[in-house]
Amino acid sequence: ENQERWSKEWSDLFRDVEAALGEDPAGAKAQALSARWKKLVEGFTGGDQQITAGLAKMYQDRSNWPASMQQRSEPFSNKKVWEFIEKAIAAGKRAS
């Protein structure tokens, strides 16, 4: 049940980020998406920075994942979404 909810929340977020790719990463819309992203990551990692860092490394290595794992993660592999959210997170850090 939790896995289904998490998958839906991530799918919805990816869809929303894709729709906002033309926005300013420092703008209000991008920052709201960034906040949702961080909240989902925190929910998954429990806020543990080591787990968060490990998760980031794992996703950076997606091209080396087994084919079955790559296929399951396909809906979440849009490089433009990842680049946009990274820019939005960085912009949020600069603004704080």
For segment 1-95, radius of gyration divided by Kirkwood radius, i.e. Rg to Rh on alpha-carbons
0.96
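Do any GluC sites (Glu not before Pro) in segment 1-70 lie in a loop, going by DSSP, with at most 14 other beta-carbon atoms within 10 Å of their beta carbon, and if so which? Don't skip to the answer; put the middle values down first.
Numbers: sites: GLU1, GLU4, GLU9, GLU18, GLU23, GLU42; in loops: GLU1, GLU23.
Hits after loop and neighbour filter: GLU1.
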Of every hundred units of 1.4 Å-probe accessible area on the chain, the number belonging to carbon and sulfur atoms, as a percent, is 52 percent
Top mean-square fluctuation among SER34, SER73, SER63, Gaussian network model of the chain, C-alpha springs under 10 Å?
SER63
Pull up the cross-link candidates among the lysines for LYS57, meaning alpha carbon to alpha carbon under 19 Å and not fewer than 8 places away within one chain.
LYS38, LYS39, LYS79, LYS80, LYS87
Added length on full extension, which subtracts the Cα-Cα distance from 0.36 nm per residue, SER96 to ASN2:
30.6 nm
Only residues of segment 26-40 count here: report those whose backbone N is under 18 Å from the spot 7 Å along Cα→Cβ of LEU55, or say none.
32-40
To make sure I understand the rule: partners must be aspartates and glutamates, Cα under 17 Å from the Cα of LYS8, and not fewer than 8 residues away in the same chain. Which ones qualify?
ASP16, GLU18, GLU42, GLU74
Just the accessible area per residue of the chain, please: how many Å² with a 1.4 Å probe?
71 Å²
Can you tell me, using C-alpha contacts under 8 Å and at least 6 residues apart, the relative contact order of the chain as a whole percent?
42 percent
Any idea what angle helix 79-95 forms with the longest principal axis of the chain, computed on alpha-carbon atoms, 0 to 90 degrees, nearest 10?
40 degrees
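The values are calculated or read from the model by the stated rules, or taken from the named source; none is laboratory data. What you see is a predicted model, and the numbers here were worked out from it, not measured in a lab. Positions of Cβ are generated from backbone atoms using ideal geometry, with glycine treated the same way; all protein chains shown enter the neighbour counts. Surface areas here come from the heavy atoms of the whole protein model, side chains and all, with no ligands, DNA or RNA. Shrake-Rupley method; radii C 1.70, N 1.55, O 1.52, S 1.80 Å.
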